[in-house]
Amino acid sequence: MYFHKGINLIVDETNEGITGNSVGKTTVLKLIDFCLGGNPKHIYQDGENKKQDYKLVKDFLIDNKVLVTLVLTTDLDDENAEQIVIQRNFLARKEIIRRINNEDYTETEFELKLLALLFPNQTMAKPTFRQVISHNIRWRDESINNTLKTLDGYTTDAEYETLYLYLLGCEFSRGNTKQEILAKLKQEETYKSRLEKNQTRTAYEATLGLINNDIEALNIKKSNLNINEDFESDLQNLNQLKYQINKASQEISRLNIRRELIEETEAELKTTASSIDLQQLRLIYQQASNQIDNLQKTFEDLVEYHNQMISQKIDFISKELPVIQQDIQHKEAMLKRLLADEKKLAIIIAKSDSFEELEAVIIQLNEKFQKKGEYENIIQLLTEVESNIKEYDGQLKEIDDELFSDSFEQTVKDQLRKFNKYFAAISNELYGEQYALKYDIVTNKKGQRLYKFNAFNTNLSSGKKQGEISCFDIAYIMFADAEGLPTLHFLLNDKKELMHDNQLVKIADFVNRNNIQFVASILKDKLPDELNNEDYFVVKLSDSDKLFRIENF
């Protein structure tokens, strides 16, 4: 299928009485998204039940080794214009195809290569390629119904902040660092909440004071008993051993928790590491240099920077592991010795004639020393985690002092003013209403400041959400072109029957007059008469002629 400039419609050709749904209109958009790094499961997965696959479609794509090819060009009117040819299939392992301009890539390399080709000015880990293009591809419910919230429901406000500062051309290189610190803070706070599951630190400290008082009283009571010198010494040693055993056990448990958290974080980071055959890539880059002028960064620089950053993160996070492992081994050996000594002492004391008299005191002392060791260990851990939180808060404050400085905020205001010139003008031309983008500096529950962006109707009316979304996407392309920012010049939209007829007609007219490719799927019986034109149809499907034509096989 060939997409042209302006409006491109994906419609159904169903007979009267048939809905036109489930013929593959949305799947066309998903296939384009798939070529741009989307999840292959979206092609054959049940939208309402994520654990359920359409087996017929999945088997067809795999058994027939279906290969999807997407061609991007810098100029549809020039056959010799620079092109990017992307190919993907649905197979696994050695048979998988994930290819750009006839070069195969791993999953991580694939997105990095697309990012380097399409957004060469973005050299940080965040926003990702998929995040940057999320507003260009709207087939998920989240992006269909929200102007700015185009990512999944787990995306943090900090990630949206980094994304829209980048899209607006507000250069801030430490946005990725801020997200890393926030992730570490979350890890420490989760650890702290585990430790404080039953009580706060001050409650543990108060309780520890009472336990020490009780131990002192019990020791006085025990000293007044008529016990020979050796028996007294054995009892003291046994109590001390129990205290040391409990404390050692708590320390081993704490070290294991810390080790597991570090290993989990290290494993997650290693999955993002990029390994690329730079010799092969150098040949590709030289070819690209002959066609693209003024390439400021080599791809080796980008990959090297990415890998160094990941490596530094892994080194930073995992540098404690050898020490922790050694400490665990040392304390486990010590615990084993303590347990052996305890067993010997317990046998000696159990044989004493005085043991029955002291049994009650010994039991109470044992319980008190056990609690003492447990609470002291928790207090020590809380002290460490609170120190880490304080350090990360300090690092965040340093970043925020720059991010929320008067000069940087003025940059944000200036870029918003430029963008809103297009946003308001386009929405006014199309709908007689003016939309704009605004920001607020908000403070979340943890006291962290963020830029939070929102679109609104300057007439303060409810407006037309679908119209707002399309105006925003179109305005951004025109804004990016004016600012010299890299951007995709196509917009993919699903379920355009949700938009009023006059809105869709006006958008079609606007994109036809400008260098914007607007691809929309829509039920044909909902199509305005003005757009019921074969020139606008790029794909026509029906209940008897669905997208993959699986029935023909």
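Contact annotation: residue pairs with Cβ atoms under 9 Å, 6 or more positions apart or on different chains, pairing a residue in the stretch 245-257 that is surrounded by fewer than 19 Cβ atoms within 10 Å (Cβ to Cβ) with a partner that is among the hydroxyl-bearing types (Ser, Thr, Tyr) and modelled with pLDDT of 85 or more, are ILE257/TYR191. Does LEU269 satisfy being open to solvent by less than 90 Å² (accessible area, probe 1.4 Å) and either modelled with pLDDT of 80 or more or more than 25 Å from the chain's Cα centre (by Cα) (or both)? When the stated conditions are applied, LEU269 does not pass them. Out of ILE86, ILE32, one residue alone is modelled with pLDDT of 90 or more, surrounded by 15 or more Cβ atoms within 10 Å (Cβ to Cβ) and not in a helix (DSSP H, G or I). It is ILE86. Only one entry in ILE389, ILE474, ILE426 is among the β-branched types (Val, Ile, Thr), at pLDDT below 90 and open to solvent by less than 30 Å² (accessible area, probe 1.4 Å), namely ILE389. Among residues of the stretch 209-221 that are open to solvent by 100 Å² or more (accessible area, probe 1.4 Å), those with a beta-carbon under 8 Å from a residue that is in a helix (DSSP H, G or I) and modelled with pLDDT under 90 at least six positions away or on a different chain give the pairs LYS221/VAL361.
Is it the case that LEU382 is over 15 Å from TYR243 (Cβ atoms), of a type in the set (A, V, I, L, M, F, W, C) and at pLDDT 85 or above? Steps first, answer last, please.
Details: over 15 Å from TYR243 (Cβ atoms): yes; of a type in the set (A, V, I, L, M, F, W, C): yes; at pLDDT 85 or above: yes.
Yes.
Within the stretch 383-392, at least one residue is of a type in the set (Gly, Ala, Ser), part of a helix (DSSP H, G or I) and without any contact (Cβ under 8 Å) to a residue 12 or more places away in the chain. Between ASP78, ASP59, the distinction of being at pLDDT 90 or above, in a helix (DSSP H, G or I) and not β-branched (Val, Ile, Thr) belongs to ASP59 only. Inside the stretch 172-203, residues that are touching a residue at least 60 places away in the same chain (Cβ under 8 Å) and outside any helix (DSSP H, G or I) make up a count of 3.
Listed conditions (1) open to solvent by 10 Å² or more (accessible area, probe 1.4 Å); (2) without any contact (Cβ under 8 Å) to a residue 60 or more places away in the chain; (3) touching a strand residue (DSSP E or B) at 6+ places or on another chain (Cβ under 8 Å) are all met by LYS496, apart from (1). The residue that is farthest from TYR476 (Cα to Cα), among those in the stretch 514-544 that are exposed (fewer than 15 other Cβ atoms within 10 Å of the Cβ) and in contact (Cβ under 8 Å) with a residue 40 or more places away in the chain, is ASP525. Would it be correct to say that ALA508 is outside any loop (DSSP other than H, G, I, E, B) and either at pLDDT below 90 or within 33 Å of the chain's Cα centre (by Cα) (or both)? When the stated conditions are applied, ALA508 does not pass them.
Of all residue pairs spaced 6 or more apart or on separate chains, those with beta-carbon atoms under 8 Å, a first member in the stretch 30-41 that is within 18 Å of HIS135 (Cβ to Cβ) and a second member that is assigned to a loop (DSSP other than H, G, I, E, B) and open to solvent by less than 10 Å² (accessible area, probe 1.4 Å) are LYS30/GLY38; LEU36/ILE133.
Looking across the stretch 354-406 at every residue that is over 17 Å from LEU195 (Cβ atoms) and small (Gly, Ala, Ser), the one that is farthest from the chain's Cα centre (by Cα) is identified as SER354.
When the residues of the stretch 89-102 are filtered to those that are among the charged types (D, E, K, R) and at pLDDT 95 or above, the one that is least open to solvent (accessible area, probe 1.4 Å) is ARG98. Within the stretch 511-525, is even one residue among the acidic types (Asp, Glu) and part of a loop (DSSP other than H, G, I, E, B)? No, the conditions are met nowhere in the stretch 511-525.
Would you call GLN364 assigned to a helix (DSSP H, G or I) and open to solvent by 90 Å² or more (accessible area, probe 1.4 Å)? For GLN364, the condition - assigned to a helix (DSSP H, G or I) and open to solvent by 90 Å² or more (accessible area, probe 1.4 Å) - is not met.
From the list GLU159, GLU142, the lone residue that is among the charged types (D, E, K, R), outside any loop (DSSP other than H, G, I, E, B) and within 22 Å of CYS471 (Cα to Cα) is GLU142.
Selection over the stretch 429-453 of residues that are open to solvent by less than 60 Å² (accessible area, probe 1.4 Å) and either in a helix (DSSP H, G or I) or touching a Lys or Arg at 6+ places or on another chain (Cβ under 6 Å) (or both) gives a count of 3.
Filtering the stretch 145-156 to residues that are assigned to a loop (DSSP other than H, G, I, E, B) and either over 30 Å from SER407 (Cβ atoms) or open to solvent by 50 Å² or more (accessible area, probe 1.4 Å) (or both) leaves ASN146, LYS149, ASP152, GLY153, TYR154, THR156.
The values are calculated or read from the model by the stated rules, or taken from the named source; none is laboratory data. Since this is a predicted model, take the numbers as computed values, not measurements. Positions of Cβ are backbone-derived with ideal geometry, glycine not excepted, and every protein chain shown enters the neighbour counts. Ligands, DNA and RNA are stripped out before the accessible areas are found, and what is left, the full protein with its side chains, is counted by its heavy atoms. Shrake-Rupley method; radii C 1.70, N 1.55, O 1.52, S 1.80 Å.
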